[in-house]
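The values are calculated or read from the model by the stated rules, or taken from the named source; none is laboratory data. The structure displayed is predicted, hence computed values, not measured ones. Neighbour counts are summed over all protein chains in view; Cβ atoms, including those assigned to glycine, are modelled from backbone coordinates with ideal geometry. In case anyone asks, the SASA skips ligands and DNA or RNA and just uses the protein heavy atoms, side chains included. Shrake-Rupley method; radii C 1.70, N 1.55, O 1.52, S 1.80 Å.
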Amino acid sequence: SWPIRLDRVSVTYPNGTVALKDVSLSIDAGEMVSVVGLSGSGKSTLIRTINGIVPATSGTVTVGHHDVTALRGKRLRELRGHIGMIFQGFNLAERVDVYHNVLVGRVSHTSTLRSFFGIASSYDRELALRTLESVGLLEKMWMRAGALSGGQKQRVAIARALTQEPSVMLADEPVASLDPPTAHSVMHALERVNAESGLTVLVNLHLMDLARQYTTRMIGIRAGEIVHDGPAGAATDAD
Ligand code: ADP
Ligand code: ADP
């Protein structure tokens, strides 16, 4: 589990949009943090700057002891291998069973073809089963991913990210497209990941209720600036 640090980070897109303004943030290893803000406030940009997809225009981003802003090419790809990513869309192979979707998370460690055709090492197999167990989907492992509900799909995506054995987990609006009960099952799975493995989790949410209920620290973002940072349980709508 790794810490995440942003030191005076600003991001201006090529078209001139300023998406982050002088953001400084320090997240300790093992924290469960939410970033809450309206659409367009800069949440995705924050996550994409942490994993190096979007370059910081100024400032420094550190993940573990790696300076993301100084890495390029192969080194950056290696670092991304340590960052588990969850998106609003699940990006599963719909016609493939849950188990093999999860094994694909081992791609950065083993041969793609080998894992995809199910010739996984016993270590990979055990890891896949363990992650499926931790998101509560062990009994669905032989179902086609396409037959699952949205919440189950997102939990498969979480299990897949976990088989990468990441040091931090970044989730960009993982429940935005889900109905409330389903959203809760996904947030519960993320909470469990954090509690059981001590993995640093940063999750973008647009609903403060979920942030309060499932994370311990809530960061509020508005127009690219941090406008709140404190214990999630204590946050009120006035923040
Ligand atoms: P979000 O759900 O984070 O608000 P959007 O749905 O607005 O994102 O945007 C989807 C995609 O379009 C993203 O990949 C984002 O980078 C890109 N995008 C958003 N706004 C702009 C813009 N003003 N110019 C170019 N690309 C944009
Ligand atoms: P959020 O995730 O909170 O919806 P984003 O980080 O996607 O916010 O967007 C922050 C701002 O940056 C918005 O004004 C958005 O339109 C803009 N933006 C996002 N992606 C791009 C892009 N690729 N090019 C230009 N502008 C973008």
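Please identify every one of the chymotrypsin sites (Phe, Trp or Tyr not before Pro) in region 113-217 that sits in a loop by DSSP and has no more than 12 other beta carbons within 10 Å of its own beta carbon.
Values: sites: PHE116, PHE117, TYR123, TRP142, TYR214; in loops: PHE117, TRP142.
The qualifying sites are PHE117, TRP142.
Going by amide H atoms built from the backbone, whose H comes under 5 Å of the H on ASP97, apart from near neighbours?
Answer set, sorted by chain and number: ALA145.
Suppose each label sits 7 Å from its Cα in the direction of the beta carbon; what would the TRP142-LYS21 distance come out to in nanometres?
Result for the modelled spin labels: 5.7 nm.
Round to the nearest 0.05 the FRET efficiency obtained for HIS65 and TYR123 when R0 = 25 Å and r is the Cβ-Cβ distance. It would help to have the intermediate numbers written out before the result.
Details: r = 26 Å, r/R0 = 1.05.
Efficiency, from the Cβ-Cβ distance: 0.45.
Work out which trypsin sites (Lys or Arg not before Pro) in the chain are exposed loop sites (DSSP not H, G, I, E or B, at most 14 other Cβ within 10 Å) and give the longest gap free of them. Write down the numbers at each step before the final one.
Numbers: sites that count: ARG72, ARG95.
Between exposed loop sites, the widest span is 96-239.
Using protein chains only and a probe of 1.4 angstrom, how many square angstrom of GLU126 are accessible, to the nearest 10?
110 Å²
With a 1.4 Å probe and every protein chain kept in, tell me what percent of the accessible surface of the chain is carbon plus sulfur. All intermediate terms of the calculation are to be shown ahead of the outcome.
Numbers: 5840 of 10990 Å².
Reported share for carbon and sulfur atoms: 53 percent.
Pull up the cross-link candidates among the lysines for LYS153, meaning alpha carbon to alpha carbon under 18 Å and not fewer than 8 places away within one chain.
Within the straight-line limit of under 18 Å, LYS153 reaches these lysines: LYS140.
With every protein chain left in place, what is the accessible area per residue of the chain in square angstrom, probe 1.4 Å?
Values: 10990 Å² over 239 residues.
Per-residue accessible area for the chain comes out at 46 Å².
Test of understanding: what is the full-extension gain from HIS228 to GLN88, defined as 0.36 nm times their sequence separation minus their Cα-Cα distance?
Details: separation 140, 0.36 × 140 = 50.40 nm, distance 2.39 nm.
Value of the extension gain: 48.0 nm.
From the helices alone, meaning DSSP H stretches of at least four residues, give me the mean residue ellipticity at 222 nm for the chain, per-run term -39500 (n - 2.57), in deg cm²/dmol to the nearest 500.
-9500 deg cm²/dmol
Angle check, please: helix 122-134 long axis (alpha carbons) against the longest principal axis of the chain (alpha carbons), in degrees 0 to 90, nearest 10.
On a 0 to 90 degree scale, this one is about 60.
Can you return the aspartates and glutamates within cross-link range of LYS21? Criterion is Cα-Cα under 20 Å, with same-chain partners fewer than 8 residues away left out.
Qualifying aspartates and glutamates at Cα under 20 Å: ASP7, ASP67, ASP172, GLU225, ASP229, ASP239.
Counting Lys and Arg as +1 and Asp and Glu as -1, what is the net charge of the other residues whose Cβ lies under 11 Å from the Cβ of ASP172? Numbers along the way, then the final one.
Numbers: positive: LYS43, ARG48; negative: GLU173.
With Lys, Arg at +1 and Asp, Glu at -1, the neighbours total +1.
To the nearest 20 debye, what charge dipole does the chain have about its Cα centre, counting +1 at the Cβ of each Lys and Arg and -1 at the Cβ of each Asp and Glu?
Charge dipole, the chain, about its Cα centre: 800 debye, nearest 20.
Around ASP67, what is the net charge, scoring Lys/Arg as +1 and Asp/Glu as -1 over all other residues with Cβ under 15 Å from its Cβ? Intermediate results must be reported in sequence, preceding the final value.
Details: positive: ARG5, ARG8, ARG72, ARG75, ARG80; negative: ASP7, GLU78.
For residues surrounding ASP67, the net value is +3.
How large is the convex hull of the Cα atoms of region 1-88 per residue, expressed in Å³ as a whole number? Spell out each step's value before the answer.
Values: hull volume 9.3 nm³, N = 88.
Hull volume over Cα atoms, normalised by residue count, gives 105 Å³.
At what distance in angstrom do the alpha carbon centres of region 135-166 and region 178-236 lie from each other?
20 Å
So how tilted is helix 180-197 from the main axis of the chain? Cα-based, degrees 0 to 90, rounded to 10.
Rounded to the nearest ten degrees, it is 90.
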